[in-house]
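Following: one structure in structure tokens, then a few remarks.
The values are calculated or read from the model by the stated rules, or taken from the named source; none is laboratory data. These numbers come from a predicted model, not from an experiment. Ideal geometry is used to build each Cβ from the backbone, glycine not excepted, and the neighbour counts take in all protein chains shown.
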Amino acid sequence: MTDEKPTGGGGGDIIGSFFDTMGDFYKNQIGSPFALLFFVVFTAFLIFLGLLLSNVSFKDIVTEFLVRHIGAYVPMIKIVLKFFCIISIAGIIYFFLCIREINSNEYHKYKPLNKEEKTENHNVQWQIILDHMESPSSTNWRMAILEADTMLDEMLKKIGAEGETLGERLRSMDVSEFRSLQMAWDAHKMRNTIAHEGLDYQLNKHEAQRVISLYKQVFSEFQYI
């Protein structure tokens, strides 16, 4: 009486034995990432060639392999996959909310003032400064620069610049979001000179107009006046 080779699981047995043999060969003889890549590609080629030369269905081999080797773990795999799906969804929602909050904070911090936010008070303050500049008195020119610096401080607070003093708020800003930052610094330094030296500093009309022009360019950038 002759023994017959089983026909139902032959394909899976051959594939399984092949993987075991080649796996041991790789572990003992190869070992490098490039050799591993060659091993994977070469193995895939042999499997594909074997399927072409045989009548065994690729679907049947995959199904038999999965059922034989991981079938008992399917319930546990389902639970793990569900757990990771929940974690992934929660992570996506969390990061979406974080990005949204960051964008909102950055928008409110650095956005230019809207036209609706240009109150009459700003225009009144600026007009008073211009009136001071029309005066022939250097004392009024000094007052114009001091008041313009006060307006600058108020504007920086409104756009969310960080710091306790005007100098700190200017240092917290970057030229990428404040194109006229150097102008603001130059005008503020002149204000400090006037405030510290008082009447000892000889301020002429031309210099006063130059400083007021710097403040005007800063306010215009943020549509403050």
(request) Kindly list, by first and then second residue, each pair from a residue in region 153-173 that is farther than 16 Å from Met183 by Cα to a residue that is surrounded by fewer than 16 Cβ atoms within 10 Å (Cβ to Cβ), limited to pairs with Cβ atoms under 6 Å and residues at least 6 apart or on different chains. (result) Gly160/Lys109; Ala161/Ser172; Glu162/Ser172; Gly163/Ser172
(request) Can you run down the residue pairs with Cβ atoms below 7 Å, 6 or more apart or on separate chains, where the first is in region 193-215 and farther than 22 Å from Leu181 by Cβ and assigned by TED's automatic domain parsing to the domain that holds Asn140 and the partner is aromatic (Phe, Trp, Tyr) and surrounded by 10 or more Cβ atoms within 10 Å (Cβ to Cβ)? (result) Leu203/Trp141; Lys205/Trp141
(message) Could you go through region 190-206 and let me know if any residue there is surrounded by 13 or more Cβ atoms within 10 Å (Cβ to Cβ) and in contact with a His (Cβ under 6 Å, 6 or more places away or on another chain).
(response) no
(message) Exactly one condition in (1) touching a Leu at 6+ places or on another chain (Cβ under 9 Å); (2) within 17 Å of Ser213 (Cα to Cα) is false for Leu170; which is it?
(response) (2)
